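Novice: Have a look at this one.
Values quoted throughout were computed directly from the atomic coordinates according to the rules given, and no laboratory measurement underlies them. Owing to the predicted nature of the structure, the values given are computational and were not obtained by experimental measurement. Note that each Cβ is placed from the backbone with ideal geometry, even for glycine, and that neighbours are counted across all protein chains shown.
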Amino acid sequence: MSIYPQILGVYSLQQASNVGTGGTQGQYDQVTFWYVRRMNDNDYEVRPLNAYHVPSGVCTTLEQGVFASQYVPEPSFYEIHTQPALKSLEAKIVKGEEEFAKGNLDEAERAFLKALMIDDQNVPANLGVGAVYTEKKEFDKLRKVLKILLNKDETFAAEQRQRFNTLGASLRKQGLHDEALAYYLKALENSQDDENLHFNVARVYFEKGDQMKTIEHLAKCLAINPGLEVAQKFMRHCEKKFK
């Protein structure tokens, strides 16, 4: 089992910046703080901290030599600021997921929105509030959330799979077939060998009445995992229905 990705904590980056013009021009050192994960033996992922000391924004991957020459570990900053903030953020997301599972949509929405006040780009919180908006049929709010999620590779990462599936199922059950399809097809761009994604895409196409696409993705699903019983049954049903 791989030890990666490995959380290294917070590191600082010091860069010289110029201020002023002409004779009043001067230089000062600007220090920024970054959340760091080691992705493999040679690559490090750095993400800037926001005003609440949690990682937010664009990730950058650096080779070991570049990273080691520029970034300095800040263990005290991590322990005092970032670690407590991340725990608070995670607690709000867990609270939202628990309330959503109970069907308490208003309470779930409040918890997710509190998390988003800390980090408005947080993928788990956006996945959670997206599922809430889907169930509440607040589609204008949902589309704004989907716009954020569809532009983040992190949405489709393996560690988000359960949360990802919750929102996908909500979209399909509410009859939002185009939104569900865009969501699943975006995921397939990074996971062509995921039989469950092909199965979910097939279900959406089936509900849209697209016979060819349904069969196409079921066939891809079974090519990856011939023993997937639910896909076998679905294929037999489609063959009878579409013949």
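Novice: Which one is farthest from Thr155 (Cα to Cα) among residues in region 46-61 that are buried (at least 19 other Cβ atoms within 10 Å of the Cβ) and in contact with a strand residue (DSSP E or B) (Cβ under 7 Å, 6 or more places away or on another chain)?
Specialist: Checking each candidate, the answer is Leu49.
Novice: Of everything in region 122-161, what is of a type in the set (Lys, Arg) and on the phi < 0 side of the Ramachandran plot? Give them in sequence order.
Specialist: Those that are of a type in the set (Lys, Arg) and on the phi < 0 side of the Ramachandran plot: Lys136, Lys141, Arg143, Lys144, Lys147, Lys152, Arg161.
Novice: While we're looking at this one, here's another question. Does region 86-95 contain at least one residue that is hydroxyl-bearing (Ser, Thr, Tyr) and touching a residue at least 40 places away in the same chain (Cβ under 8 Å)? Walk me through how you get there before you give the answer.
Specialist: Looking only at region 86-95, we keep the residues that are hydroxyl-bearing (Ser, Thr, Tyr), and these are 88.
Next cut, touching a residue at least 40 places away in the same chain (Cβ under 8 Å) only: none.
Among the residues of region 86-95, not one is hydroxyl-bearing (Ser, Thr, Tyr) and touching a residue at least 40 places away in the same chain (Cβ under 8 Å), which makes the answer no.
Novice: Quick one: which helices (runs of 4 or more DSSP H) lie wholly within region 129-243 and hold at least 1 residues that are within 15 Å of the chain's Cα centre (by Cα) and either within 27 Å of Val58 (Cβ to Cβ) or touching a residue at least 60 places away in the same chain (Cβ under 8 Å) (or both)?
Specialist: Values: elements: 139-150, 161-173, 177-188, 195-208, 211-224, 229-242.
In region 129-243, the matching helices (runs of 4 or more DSSP H) lie at 139-150, 161-173, 177-188.
Novice: Considering only region 150-178, state which residues are among the hydrophobic types (A, V, I, L, M, F, W, C), in contact with a helix residue (DSSP H, G or I) (Cβ under 6 Å, 6 or more places away or on another chain) and closer than 23 Å to Gly103 by Cα.
Specialist: The first filter runs over region 150-178 and keeps only residues among the hydrophobic types (A, V, I, L, M, F, W, C), leaving 150, 156-158, 164, 167, 169, 171, 176.
In the following step, the residues that additionally are in contact with a helix residue (DSSP H, G or I) (Cβ under 6 Å, 6 or more places away or on another chain) were identified as 150, 156, 167, 171.
The answer is Leu167, Leu171.
Novice: Also, quick follow-up: Here are Lys173, Lys208: which of them is more than 24 Å from Ile93 (Cα to Cα) and surrounded by fewer than 21 Cβ atoms within 10 Å (Cβ to Cβ)?
Specialist: Numbers: Lys173 fails: more than 24 Å from Ile93 (Cα to Cα).
Result: Lys208 is the single residue among Lys173, Lys208 that is more than 24 Å from Ile93 (Cα to Cα) and surrounded by fewer than 21 Cβ atoms within 10 Å (Cβ to Cβ).
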